[in-house]
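Here is the structure we will look at.
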Amino acid sequence: MERSSGRQALDMAAPAVVLVGLLFFLRSASQTPDGLSYALAVRTGQDMFHPHHMIYVPVARAIHLAAGADPLTAALWQNLFWTVVLAFAAWRLAGLVLVGRMARVLAAGALLASRGVMIYSVRVETCLPAMACLALATALAAARPVRSLLRAPALALAVLYHQTNVLFVLPLLVLMAPGPPGAAWSTGKRRAALT
């Protein structure tokens, strides 16, 4: 029997809330030199727009000013929000290639339990928000029908969180093209669509 979409959302939201609580409780007491410079920029409002990651510090500063949180906590809240987005995107992407609820849970859980996610979700660093936006853009692009109104902002956020994500634009175009992946490249249809 298929579960309702509300029940599925609750199945995804409950572990995400537990994860955020756990990560907040286990937040890192140490920060990298870059993380400390970001926190200083959040506090002072100076040097906020780094050319490689344009919006990380301004978003953390907005949280800092709106919530009255200290700069490290404001950046942590931003990273924890994007950790939840990453969890939902991983859940959706796992559903495209795996069968069964438990397989999706294990796949998303494996990603969230990885050392990189565990470390960067609790440090003042740009990696996790950038990866979460990229995973969200991928999940939206892989969905049929393609949700074009949501895909572009997700990719734009990924690039603004870290400029290297611009390299993902071409693979994303291939993913969004109609038909099975790789089939149209041999006939030249996708190449023609890109020109």
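The values are calculated or read from the model by the stated rules, or taken from the named source; none is laboratory data. Quick caveat, the model's predicted, so the values are computed rather than measured. Note: ideal-geometry Cβ built from the backbone for every residue, glycine included; neighbour counts use all protein chains shown. Just so you know, the surface numbers come from the protein's heavy atoms only, side chains and all, with ligands and any DNA or RNA stripped out. Shrake-Rupley method; radii C 1.70, N 1.55, O 1.52, S 1.80 Å.
Observations
- To put it simply, the accessible area of the stretch 31-87 at a 1.4 Å probe is 66 percent carbon and sulfur.
- Ordering of 36-48, 152-164 by burial proxy (mean other Cβ atoms within 10 Å per residue, highest first): 152-164, 36-48
- Accessible area expressed per residue, the stretch 67-132, with surrounding protein chains retained (probe 1.4 Å, Å²): 45 Å²
- Sorted peptide list for 124-137, 77-90, 54-67, 18-31, criterion being average Cβ within 10 angstrom, highest first: 124-137, 77-90, 54-67, 18-31
- Lys/Arg +1, Asp/Glu -1 at C-beta; the stretch 58-148 dipole; positive extreme among L106, A132, Y120: L106
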